[in-house]
Structure formats: structure tokens, C-alpha cells
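The values are calculated or read from the model by the stated rules, or taken from the named source; none is laboratory data. Quick caveat: nothing in here was measured; it's all calculated off a predicted structure. Here the Cβ positions follow ideal geometry from the backbone for every residue, glycine too, while neighbour counts run over all protein chains shown.
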């Protein structure tokens, strides 16, 4: 077998970044081009990156061994199932699908075909998250607070804020940071601008007593991406946008005890160096390596299905709460 031939399906706001990275990356694969339904956009990107724009998804798949799927979420099922049917490996942007049933169908299709399925939970490759995982590896997490807020831009029309934004943090909390069974979820939200949920907060309780409070908004003027971790030994603030990581630890250090000038230092703040890497580039290259080595990606179909199952629970609770409050005002 020659070099792995990779193509991109969908070149919108996220897909064009796939095109950009694969056009400039010199790893061990053959970049064959992309397909997008918008002809003007396709011609623009083809000229910008000097790469072929295919006339159809089928034409691209005929020449590919693997594809990255960055089309709208509502199209993921159709495209991913076709890729599995043709025996292609695929990286599908998050969410894998808009329903658990569709996600499970996709996951099972790739398992039957014996092909790699990776899901684009790109925050797993954020260097801040990577360093955070190293910090808490040997600590007992007691609680998490996660905030992911953005201004409204109307770009996503086929998914609510849980499927679009909170899904990142559900994956990080439930599949990466706290690997415990969920004991309970309580959620509330509001649909204010898009006709779908635009602001949601969810409180999760896990079997070992750990709790996590996750908030997501696409109607907040300030863009925020933060994870706060409370452990037995420290308080950790991870700023995913500012690429900074601060650790506060209790020291109980007393200087010059017994002297008039004695003072107590209750805590010390440690700043962690965070490498400057592009998470999406790391994710794409990890996908290539998974295919080359026949290694299952960490964010595989099974992990994606667990995340979507939780997404559905949160959306159901938030919609029910929002409906009851609206009905009460009438």
C-alpha cells in the first residue's frame, strides 16, 4: 500500500482549517483535496491553497483511503455511513451525530468495516488540557467548574448550544477528567435567540461523590473557555483561550516564627508552561498515526456515543424546564 490518501468533506468555517492544515503539513500522507457544496467557496479555497476541489463527495471518496468530515452536524450520519460502506477511515467533527441512535449506527458501521473512526473532540489536544491532565493524574478531584461562553453569531443553525459547545466539556469531564459512572444530572436552560437552547447550565454528580458544574452559552458577549479544578491539595485554573494554567496550593508556611516580623504564607501560586501548538493540527496528525498504526483513537465512536447520551439527557432536562417556565408565565 502506498501513502495514505486523505480528503476533506465540508470546507466551511471548521472545514477550511482542515484544508489549510492538510495543505501545509508534510507528514506521511497524500493530500488529495476537498469537496464542498458551495461552488464559490470551493473555487476560492482551491485557488488559495492550490489544491483540487472535487465536483462531488463520491468522486473524492473514490480516490481516498481516509476522509475528515467537517460538514454540518445534520449531514454527519449520511456522509459517515457512506465512508464506512466504501471502507474508508474517517475523522468526523463533533458531535458525531445529533442523536444517540444515529451515533451508534455510525460507530457500529465502522466497527463492522474494520476501519478507524475518530471524533473531533479537539479540546483533548489543547495543550492546556494536556498539561491539566498531567497535573491531576495523581490528585483526587473533588469538583469541577467549566465555563464555555461565546457571543451569538448565528453560524450554527442545526444544533443547540449543548450539541455545539457544551459537548466539548461533557467529553472532557466524563471521558477524560472524571472516569466514573454518572449518578445524576440536573440541568436548566433558555432558548432566547435561535429558537434552540442558547444558554444551559448542568450539575453532574458522579458515583464517587465528585461533582461537575458545566455552563455553556452562545449569547454571552465575553468569550470564555475555563476549567476550574478543586482537588484535595490544590485549586487549578485552566484558561483554554489565554493558554494559561495556574495552580494554587496550600503551604501553611510560617516565616520567622516567634519574631515580630513573622508572617504566614497560606498558599503559593504556580504558573505552568503551556506549549504553543495548534490543537486541530495535533488532532489531524493523531488521526493519521491511528490509521498507520491501526490504533484506536482516544475519542472513538464509543466515547462519542457516551457523550451524546449525556447530551440528550441535558437537552431533555433543559427543554422541559424552559417549557414549564414559559407555560407558567402564560
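Any residue that is in a helix (DSSP H, G or I) and touching a residue at least 12 places away in the same chain (Cβ under 8 Å) - is there at least one of those in segment 201-220? Break it down into steps so the answer makes sense when it comes.
Filtering segment 201-220 for residues in a helix (DSSP H, G or I) gives none.
Looking through segment 201-220, none of the residues is in a helix (DSSP H, G or I) and touching a residue at least 12 places away in the same chain (Cβ under 8 Å).
So residue 164 passes all but one of these: (1) surrounded by fewer than 20 Cβ atoms within 10 Å (Cβ to Cβ); (2) in a helix (DSSP H, G or I); (3) at pLDDT below 95. Which condition number does it fail?
Here residue 164 meets the rest and fails (1).
Condition check ((1) in the same structural domain as residue 92 (by TED's automatic domain parsing); (2) within 13 Å of the chain's Cα centre (by Cα); (3) modelled with pLDDT of 95 or more; (4) over 22 Å from residue 99 (Cβ atoms)) across all residues:
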{"position": "168", "(1), (2), (3), (4)": "no, yes, yes, no"}
{"position": "177", "(1), (2), (3), (4)": "no, no, yes, yes"}
{"position": "184", "(1), (2), (3), (4)": "no, no, yes, yes"}
{"position": "189", "(1), (2), (3), (4)": "no, no, yes, no"}
{"position": "224", "(1), (2), (3), (4)": "no, no, yes, yes"}
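Yes/no per residue for (1) out of contact with any helix residue (DSSP H, G or I) (no Cβ under 6 Å at 6 or more places or on another chain); (2) at pLDDT 95 or above; (3) part of a strand (DSSP E or B):
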site	(1), (2), (3)
77	no, yes, no
98	no, no, no
102	no, yes, no
105	yes, yes, no
128	yes, yes, no
135	yes, no, no
138	yes, no, no
143	yes, yes, yes
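Out of 58, 30, report the one residue that is closer than 27 Å to residue 85 by Cβ and either in a strand (DSSP E or B) or not assigned by TED's automatic domain parsing to the domain that holds residue 90 (or both). Even if it seems obvious, please write down each step before you answer.
Numbers: 58 fails: either in a strand (DSSP E or B) or not assigned by TED's automatic domain parsing to the domain that holds residue 90 (or both).
Sole residue among the options that is closer than 27 Å to residue 85 by Cβ and either in a strand (DSSP E or B) or not assigned by TED's automatic domain parsing to the domain that holds residue 90 (or both): 30.
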